[in-house]
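Bear in mind these aren't lab numbers, they're just calculated from the coordinates by the rules spelled out. Model, not experiment: these values are computed from the prediction. Every residue, glycine among them, receives a Cβ derived from its backbone with ideal geometry; neighbour counts consider all protein chains shown.
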Amino acid sequence: MHHDNQLKIVENLKSLHITHAYKKTTNHHHECAMQFHCVELLKNKFGFDDAFNYKEEPDMNTALERYFPEGIDIYYENVGGKMLDAVIFNMRIHGRIAVCGMISQYNLDQPEGVHNLMLIVYKRVRIEGFAVFDYYPQYSKFLDFVLPSIKEGEIKYVEDIAEGLESGPTALIGLFSGRNVGKQVVVVAPE
Ligand SMILES: NC(=O)c1ccc[n+]([C@@H]2O[C@H](COP(=O)([O-])OP(=O)(O)OC[C@H]3O[C@@H](n4cnc5c(N)ncnc54)[C@H](OP(=O)(O)O)[C@@H]3O)[C@@H](O)[C@H]2O)c1
């Protein structure tokens, strides 16, 4: 991590962590190797200063304090639950949280709840959700920007391709157990 940077960004690129599916079918040694591979992918391919595997961290607060000793300015939220609580605890004054999703909560009977919310007041943190459908009218403009950037290599993009409509349900369920590496897509017909 570049400690001199004022702006510290945590992004939960969970799609790049592989674990559960491998746990079932392979040995521990292989699983560790895959987790190591994902952390390396984040650092070397995607250009993050640092990365860690949340499944290897017994205490999320301690982990975040280690990686963000000066606190977090901006958090892109995709996980929710314990991760969000630990992030709020580690936010800096006037930090911002953009809420995209909370995947850890979707299959629970009762949402876990967030316990550190009062810190939002003390730290004057701003939290705002957003939803993709608000931006559909700008989709072609987005493609004009993003496709050349991917071609030029300025934006790195990894896809996890499942072949055929029949593989759709398995691919969907796999999102909740870290089966995919990169954006999960299902190819139903050749272009
Ligand atoms: N706001 C919007 O308009 C919008 C639109 C689409 C999607 N989303 C949200 O964007 C997020 C990512 O969705 P995606 O479709 O792109 O999936 P994705 O990131 O490709 O895959 C989901 C990843 O979440 C991780 N995960 C699963 N359960 C978890 C848990 N309990 N705690 C922490 N991580 C967990 C898994 O990785 P691990 O193996 O590392 O656990 C998995 O790879 C989701 O929160 C989704 O709801 C928001």
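Determine whether K82 is among the basic types (K, R) and within 13 Å of the ligand (Cβ to nearest atom).
Details: among the basic types (K, R): yes; within 13 Å of the ligand (Cβ to nearest atom): yes.
For K82, the condition - among the basic types (K, R) and within 13 Å of the ligand (Cβ to nearest atom) - is met.
Kindly indicate the residue of region 108-123 that is under 18 Å from M83 (Cα atoms) and outside any loop (DSSP other than H, G, I, E, B) and also farthest from the ligand (Cβ to nearest atom) among those meeting that condition. Out of the qualifying residues, it is M118. Here is a check on your reading of the model: is Q105 without any contact (Cβ under 8 Å) to a residue 60 or more places away in the chain, surrounded by 11 or more Cβ atoms within 10 Å (Cβ to Cβ) and within 16 Å of the ligand (Cβ to nearest atom)? So Q105 passes the test.
Output the residues belonging to region 143-167 that are within 13 Å of the ligand (Cβ to nearest atom) and over 20 Å from the mean Cα position of the chain (by Cα).
Pass one, region 143-167, residues within 13 Å of the ligand (Cβ to nearest atom): 157-162.
Within region 143-167, just A162 meets the criteria.
May I ask you to say which residue of G164, G178 is of a type outside the set (A, V, I, L, M) and either touching a helix residue (DSSP H, G or I) at 6+ places or on another chain (Cβ under 6 Å) or closer than 24 Å to Y106 by Cα (or both)? Can you show your working first?
Details: G164 fails: either touching a helix residue (DSSP H, G or I) at 6+ places or on another chain (Cβ under 6 Å) or closer than 24 Å to Y106 by Cα (or both).
Selected residue: G178, the only one of G164, G178 that is of a type outside the set (A, V, I, L, M) and either touching a helix residue (DSSP H, G or I) at 6+ places or on another chain (Cβ under 6 Å) or closer than 24 Å to Y106 by Cα (or both).
Residues in region 34-81 that are farther than 24 Å from N180 by Cα and touching a strand residue (DSSP E or B) at 6+ places or on another chain (Cβ under 6 Å) were compared, and the one that is surrounded by the most Cβ atoms within 10 Å (Cβ to Cβ) is I72.
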